[in-house]
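Report on the following structure.
The values are calculated or read from the model by the stated rules, or taken from the named source; none is laboratory data. Computed from a predicted structure; not experimentally measured. Every residue, glycine as well, gets a Cβ built from its backbone with ideal geometry; the counts of neighbours run over all protein chains shown. For the accessible areas, the whole protein counts, side chains as well, though only heavy atoms, and no ligand, DNA or RNA atoms are used. Shrake-Rupley method; radii C 1.70, N 1.55, O 1.52, S 1.80 Å.
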Amino acid sequence: MILSPSKGCLTFSQCSRMAKYFHLSAKHLQNIELTQVRYPKVKRGNYASLTDKHLAFFESVLPKSRVITDATDLDAYNVDWLRSFKGASKVVLKPKTTDEVSAILKYCNDQVLAVCPQGGNTGLVGGSVPVFDEVILSTALMNEVISVDKTTGVLVCQAGCVLENLEGKVHEHGLMMPLDLGAKGSCHIGGNISTNAGGIRLLRYGSLHGSVLGIEAVKADGAIIDCLSTLKKDNTGYHLKHLFLGSEGTLGIVTKVAIQCPPLPQAVNVAFLALDSFEKVLSTFRLAKKCLGEILSSFEFMDNGSLMGAIKVFNLPCPVPENTPFSLLIETSGGNSKHDEEKLSSFLEEATNKGFINDGTIASEPSRINALWQIRESITESLKHDGYVYKYDISIPIQHFYEIVLLMQERLKDTAVVKCCGYGHVGDGNLHLNITSPKYDVDILNLIEPFVYEWTSKHRGSISAEHGLGFKKSDVVHYSKSAEALKLMAEIKALMDPKGILNPYKVLPSGAH
Ligand code: FAD
Ligand code: 2HG
Ligand code: ZN
């Protein structure tokens, strides 16, 4: 068993975790099937269709350059990151201020024009692109950092700030963002809030429900809801900000956010470990919590299919033997490098002596740490290279974590499936089950669904741990929510958006719109 400093280093561009996702060429985007064709059962709501009169109004609120109608330019906003959905919107609006958002929404509400809010368009459930011809409201130009308070660590900014840019900004003040995810180079903080994004730091810094102190949002009728508190404690009535966290643009458009940023750690270490059974993954997790305590900041898991997909597609050096069944990426972040390294060493020694880990590599230098993280963060993109991805993002009691991957492999063994693999945030009980095939195949889909949802529900899991429901999962939400809870969701929607103009066909089951 060798625990050497990370062998080989990735090239500069591979090392950089500044992943930014560019859309395909116009030709490729044109070949993607329209959502309304692939899902013919979904019927367009009774919304107005865009006319020259509407465009003239938009151009009275925004300069012409921020009202996009060119068909080729529109494609990139109509297609989602996974290329699984394609809308047919005829206009993208790019406001810069809350007042502009308010004027647009008030008008759309009066005219009964449906609106699809869009941030960085990295969502994985088809929530960020229109289903039919909804007006796309992009927050791309709402990217102003308003303030950073060095003492309290509170950042206030507009919703369209790219997560990675915010990370850079708060670093200047000795702070870090409380969330991190592979899409950081493109996703917006408003999108993160609207999906209640989890990511690789949740284990340590908790969910956005804890770190988001305040939100400013615009309701469907244009009313500006100023809940942009920067206070840690505020019990003045209902906690309205939580309604916008995770509501995926169906209750309002988030325009500003106040978020608590923790201090930047002085010491970060990463261990990338090879294990031969899932039982040992769980034993290692228990030991890591015991030995690393408060400095444990990530505990990420990959099976062989996930790991080798990323290694091969991006030609990355593999830090563990290529046939290793399971790998873990464990990160520690703390205030004292000597203390943290000692803790990590004693944890690794005990894990080795107990026979939990077979091999691995450790890194404390930023470029090597980035190279190891790059492997984990490349998995999602590598899967797209197989063709179509059937993506499931479930929370399940930890003892059942990997069972569904094995069940699915068995179920799909005689099909055209290329890969059926699992990875994710073991520390949060969140598994990413991914299945790929050369193209969208309804027979494969029928073998996966509803089986995967029934299985998750039987184990009292959640059918969406972090990506949300979007368009893809709105009709299966009953596997995780009771009829009474769904009724209350529909009542809240009707109260906040009575005409249903905000992100229709998403989140709520079809009957509830
Ligand atoms: P979009 O995709 O543009 O929108 C997402 C949803 O939010 C849509 O319903 C949209 O209508 C709505 N929305 C966007 N902005 C606003 C706004 N200002 N007001 C109201 N509604 C709005 N997710 C995780 O949780 N954890 C991960 O670890 C993770 N890793 C990822 C890695 C990769 C490589 C990729 C491609 C995606 C990953 N995701 C992850 C999913 C995705 O990045 C997150 O859901 C992210 O929070 C979406 O942000 P966005 O700005 O791209 O939002
Ligand atoms: C991650 O943890 C993201 O990398 C994406 O949530 C997961 O690709 C996926 O299924
Ligand atoms: Zn994830």
State, in angstrom, two size descriptors of the chain derived from its alpha carbons: Rg to one decimal place and Dmax to the nearest whole number. 22.8, 73
DSSP beta bridges in the chain: the antiparallel percent, rounded to 5, is 85
Once you've got the Cα coordinates, tell me which of Lys384/Lys439; Lys90/Lys256; Lys96/Lys256; Lys289/Lys343; Lys41/Lys506 are over 19 Å apart. Lys90/Lys256
Per the helix-only calculation at 222 nm, which mean residue ellipticity applies to the chain, given -39500 (n - 2.57) for every DSSP H run of n ≥ 4 and division by its residues, nearest 500 deg cm²/dmol? -9500 deg cm²/dmol
How much length is gained if the chain between Glu172 and Glu279 is pulled fully straight, taking 0.36 nm per residue apart and subtracting their Cα-Cα distance, in nm to one decimal? 34.3 nm
Calculate, axis by axis, the spread of Cα positions in the stretch 235-392 along the three principal axes, and write the results as whole Å, longest axis first. 54, 45, 31
Difference of contour (0.36 nm per residue) and Cα-Cα distance, Leu407 to Ser337: 20.9 nm
Quick one: if you take sqrt(5λ) for each eigenvalue of the C-alpha gyration tensor of the stretch 341-427, what semi-axes come out, biggest first, whole angstrom? 30, 19, 12
Stokes-Einstein D for the stretch 401-506 at 20 °C, 1.002 mPa s, Kirkwood Rh over Cα pairs, in µm²/s? 137
In percent, what relative contact order does the stretch 106-224 have, based on Cα pairs under 8 Å that are 6 or more apart in sequence? 22
What pairs from Lys290/Lys473; Lys86/Lys413; Lys94/Lys169 go past 28 Å between their alpha carbons? Lys290/Lys473; Lys86/Lys413
How far is it, in nm, from the label point at Glu484 to the one at Phe314 when both lie 7 Å from their Cα along the line to the Cβ? 4.6
Where only alpha carbons of the stretch 195-282 are counted, the Rg and the Dmax (Å): 17.8, 56
With the charge dipole of the chain built from beta-carbon charges (+1 for Lys and Arg, -1 for Asp and Glu) about the Cα centre, the Cα from Gln158, Leu292, Leu181 projecting farthest to the positive end belongs to Gln158
Accessible area of the chain with a 1.4 Å probe: how many percent of it is carbon plus sulfur? 54
With only alpha-carbon atoms in the gyration tensor, what are the semi-axes of the equivalent ellipsoid for the stretch 309-373, in Å, largest first? 23, 18, 7
In whole µm²/s, the translational diffusion coefficient that Stokes-Einstein assigns to the stretch 126-241, given a Kirkwood hydrodynamic radius over C-alpha pairs, 25 °C and 0.890 mPa s, equals 160
The answer for the chain, accessible area per residue at 1.4 Å probe in Å², is 41
If you consider only alpha-carbon coordinates, what radius of gyration and Dmax does the stretch 122-184 have, in Å? 14.5, 47
Shape call for the stretch 352-396, from the Cα gyration tensor axes a ≥ b ≥ c (a/c under 1.5 means rounded, otherwise prolate when a/b beats b/c, else oblate), comes out oblate
What trypsin sites (Lys or Arg not before Pro) does the stretch 79-186 have in DSSP loop regions with at most 15 other beta carbons within 10 Å? Lys150
Expected sort for 151-163, 448-460 on mean C-beta neighbours within 10 Å, highest first, is 151-163, 448-460
Over what distance in Å are the Cα centres of the stretch 133-151 and the stretch 212-275 separated? 13
For Cα pairs less than 8 Å apart in space and 6+ apart in sequence, what is the mean separation divided by the residue count of the chain, i.e. the relative contact order in percent? 17
Whole-angstrom Cα spans of the stretch 80-154 along principal axes, big to small: 47, 33, 15
